[in-house]
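The values are calculated or read from the model by the stated rules, or taken from the named source; none is laboratory data. What you are looking at is a predicted structure, and each value in this text was computed from that prediction instead of being measured. Positions of Cβ are backbone-derived with ideal geometry, glycine not excepted, and every protein chain shown enters the neighbour counts. Protein only, heavy atoms only, side chains kept; ligands, DNA and RNA dropped before computing areas. Shrake-Rupley method; radii C 1.70, N 1.55, O 1.52, S 1.80 Å.
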Amino acid sequence: MFPNVNIPARDVRTGLIFDDRMTAHDCTWDSNHPEKPERYLSSMKKIKDYDLLQRCRVIPSRKANIEDLKLVHSEEYIDKIKKSADIEDVTEFEEFASKYDSIYLNSQSYDCALLAAGCTLELVSAVLQGSVSNGLAIVRPPGHHATVKDACGYCFFNNVAIATKHALENYNLKRILIVDWDVHHGQATQRMFYNDPRVLYFSIHRYENGEFWPNLRESNFDFVGSQAAQGFNINVPLNSTEQGNAEYLAIFNNVLLPIAYEFAPELVLVSAGYDAAIGCPEGEMRITPPAYAHFLNSLSCLAGGRICVILEGGYCLSSLSESVAFTLKSLLGDPCPAISPCVGIHESSVESILNVISVHRLFWDAIKLQNVYDSNFDDDGSNKHIVKIKYTGQPLEGSAVFPTRDYYPIQPPNVIAALEAEIKELINEIDFSSPKYRTGFVFDPKIEQSFCSVANHSETADHTIAFYKKLKESRLLSKCVYIQSGKLLSEAELIQDSDYCDKIQLDCALSNELSDEMNKEFSMVKFCQKDNICIGNACEKLLKLIDAVAMKMCINGFALIRPSGHYPDSENASGLCIFNSAAVAAKYLIAKYRMNRILIVDLDVQRGNGIQNFFYEDDKVLYISMYYHDGECFPTSLEAKEKLIGSNKGKGFNINIPFGHTICDGDYITALFHIIMPVAYEFCPEFVLLSLGYDDGMSRTHLSPSCIGVITKLLSGLSYGKVVLISESNLSCENGPDIAAHCLSALLNENCVPLRAMKPTSEGIDTIRNVVKVHKKYWKSLAFDVEVPCSLDTSEMEENSSSTVSSAHLRRQSSNPVAIPKIQDENETCFSVEFERGENLSNNAFFCVTPLEYCPHLELLQPIPNEGLNPRASCQACKDPNENWVCLHCYQVYCGRFVNQHMVQHGIDMKHYLTLSYSDLSVWCYACDAYIHNNLLVPIKEHAHDAKFNSS
């Protein structure tokens, strides 16, 4: 059945960078520390065990230089870490480490950190220079917690942030997406790009309302970016443990992917921590290792496929190593292993997703699926999502001394044993056998001799031949294997009525005059005497291709067949179609291979009503169709409405997505993420049939070939890659051959074409919303059809949440957050202050205020930095030396409201509300709109006083 074909070797397009010297970073005073060399060693071993190393292009490693590090880190901090390498005594190392939150170091740590940063830079450069298409960096120590001037959370230098700055400055990129799926919030990366609209930072992390490390207020969903970068910082905080594949895929499909494809990045960087994987004691989450392949596949079409994955955390060696391997396999283009059906999403994750949508829908059209309500609503009985900010955390960052031992979770031996057994069983269930060929292809060259004799008929062989020539010219066919047909037993009779089959054979045998009489029985169908040959060959070839994929001789397949087939039902030909190709294929899979879950996605602009009719009562076939429908376009029946959902066992298994306007790429992509992919992951198909049509002779769509290629690629992440694309409706369509080429390229895992921004139309959003409303009762993955607030601001959210959160409930963006306890029973203090500049006061007038004795933002107060205060400092923005204030959250200096208002703007943008005047040493809170005096402020005021009046 499969000829001996020499498949050309594909270019090695995936880079891998590593360096064994990074194992020298080890904790000399704590052998149980989870960030240990075995993390690197186990990952590399698994890559070799799966024979992945030889499939990659190994990129030479290098150390970052000081100029590289200075892209994001202060020179003073770099120098401190560099000098630490000269320490000789273990006690001194531990004492040095105690100055930072959750780190250790030895004499080799600095060099290892340089290697981690340098390897990341080399990978990004290789991708941007085109020597590889994508790649993975196996590096340690990790980086996404390292701030401008502090080591933190096992991290010294922020590898991803350095590489991002490098790409922005040296490659003139304008749009970079950072996806951080480490279970800990990458607060340092967030801070470094919080004001930069060129960088979209997206983090999914365990939060538990601030009670999970790093315990920061700024890790919550309402930190959206500042100034021109609003909407470019997206936090998805998870407030419950045990979240797994279903929750993460819901976040991807409902938030990350719609926004990412609208953003259209030029480069994707992944801060790939695997501490949300099953078994990790730090994350306590439930992501299975194969799920990471699905995450990567969903991102694979962004930025023309330019994706760099950088290792961050992950502390269960077995799940870490497997997850790393599946990530690399996905980068290499291997099919994604099947994962269990994603049935049901934890209610806390639903709440988090809706919170994120509520605050970010102002900035991104692709997530405006929900209807909105006015904040002053009357309860009309509809399901409304109330946005509340909850924060009960106690940040440690900013403390004088940090623990250096036993600050990480340890699992009991019985828990470890149970989790290891579960991971082993999960991996053992995966079929690692690899098909010999990637993409099978079928085409019948005999159709060139079977032109229809009807003059000016719209369905002729020359259109199909034009498609074939395009695929051949693009050199894609040379990378496929041709599937030879053989004798099959009446496959069409699997679904077509036997009398109907006899009628078709008779009609094709009649003279043209007699055939015309029979043609009147069918809708938009013409028969020719030679067509019987084509019909038989089309069925034979299609089902042989199905065999090749089902039997794992090929990963996937492309069928270029004629005549097309998605309109006929079991008794009637229709719409230029005689036998229903997709329906024949689905029935064949059910009958021969005993499959129980077949997904058919129909992308023909004219809906395949015949496929719907075949499976309308069948729960083994999920039929989803996206199409144009205005009531006049063929087929015109009422069966095209979204309310047609199937019947009996098939209820919910027929999903119509009827667009009544000129369809654009954004409409199809948004429907893909909000409907098709969530439902498909819940359905968990064993096989995917993609019915592809191109007939857009009436300008009903503005769909680009790249858009259809993206859909093909993302659907290939299902069913272990078992996808057969059936090329239908090969009519006269200007971009039809290009669409076919993009789809075949996607199946072959060729380089993606960079995409334009894919924004849905308002009409498209309305259609998608209506479909979700109809089908949400059948699919738990469509759990987001609620009303959200029409507009949100910080004060509104704070007001809504004031009864449920601690006093530290306002936003902040801080470089050194710290929790300071409330002081009880403080003595009331009244004092006189000098009015700012004293304008409008008489010479004899005094202005007296009674400051507040307490404000909730005192809990966000930061310690005085090591370098102390400088009351003579000029404004950092305008360099004005007059009337300057120092922020008590980050200790930056800006001018007051009577100069250029830079401190006012800083307070608004960064939500840093407490500030001290270097003029009169008073403290003002912008949020409380009042002066503040509290015993907690006395040391800071005394320090400022001494610096101002006692310094020489």
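Below is a table of values for the structure above.
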| quantity | calculated |
| --- | --- |
| Qualifying residues in region 423-440 (those that are surrounded by fewer than 16 Cβ atoms within 10 Å (Cβ to Cβ) and of a type in the set (S, T, N, Q)) - the one nearest to Tyr482 (Cα to Cα) | Ser434 |
| Selection from region 13-68 of residues that are open to solvent by 20 Å² or more (accessible area, probe 1.4 Å) and among the polar types (S, T, N, Q) | Thr23, Thr28, Ser31, Asn32, Ser42, Gln54, Ser61, Asn65 |
| Pair list, Cβ under 7 Å, 6 or more apart: region 686-697 residue within 12 Å of Leu603 (Cβ to Cβ), other residue of a type in the set (S, T, N, Q) and modelled with pLDDT under 90 | Leu692/Ser727; Gly693/Gln606; Gly693/Ser729; Tyr694/Ser729; Tyr694/Asn730; Asp695/Gln606; Asp695/Ser729 |
| Single condition Ile739 does not satisfy, out of (1) open to solvent by less than 20 Å² (accessible area, probe 1.4 Å); (2) free of Cβ contacts under 8 Å to residues at least 24 places away in the same chain | (2) |
| Residues that are part of a loop (DSSP other than H, G, I, E, B), modelled with pLDDT of 95 or more and over 18 Å from the mean Cα position of the chain (by Cα), drawn from region 341-364 | Pro341, His346 |
| For Ile908: the one exception among (1) of a type in the set (A, V, I, L, M, F, W, C); (2) open to solvent by less than 10 Å² (accessible area, probe 1.4 Å); (3) closer than 17 Å to Asn195 by Cα | (2) |
| Among residues of region 72-130, those that are polar (S, T, N, Q), buried (at least 19 other Cβ atoms within 10 Å of the Cβ) and not in a helix (DSSP H, G or I), counted | 2 |
| Residue match in region 243-260 (condition: part of a loop (DSSP other than H, G, I, E, B) and touching a residue at least 24 places away in the same chain (Cβ under 8 Å)) | yes |
| The lone exception for Lys541 - which of (1) outside any loop (DSSP other than H, G, I, E, B); (2) open to solvent by 20 Å² or more (accessible area, probe 1.4 Å); (3) modelled with pLDDT under 85 it fails | (3) |
| Qualifying position, being open to solvent by less than 10 Å² (accessible area, probe 1.4 Å) and assigned to a loop (DSSP other than H, G, I, E, B), among Phe202, Phe221 | Phe221 |
| Meets criteria (among the aromatic types (Phe, Trp, Tyr), under 30 Å from Val224 (Cα atoms) and not in a loop (DSSP other than H, G, I, E, B)) for Tyr854 | no |
| Any chance Thr164 is touching a strand residue (DSSP E or B) at 6+ places or on another chain (Cβ under 7 Å), assigned to a helix (DSSP H, G or I) and under 21 Å from Pro237 (Cβ atoms) | no |
| Qualifying residue in region 145-157 (condition: assigned to a loop (DSSP other than H, G, I, E, B), under 14 Å from Lys63 (Cβ atoms) and modelled with pLDDT of 95 or more) | yes |
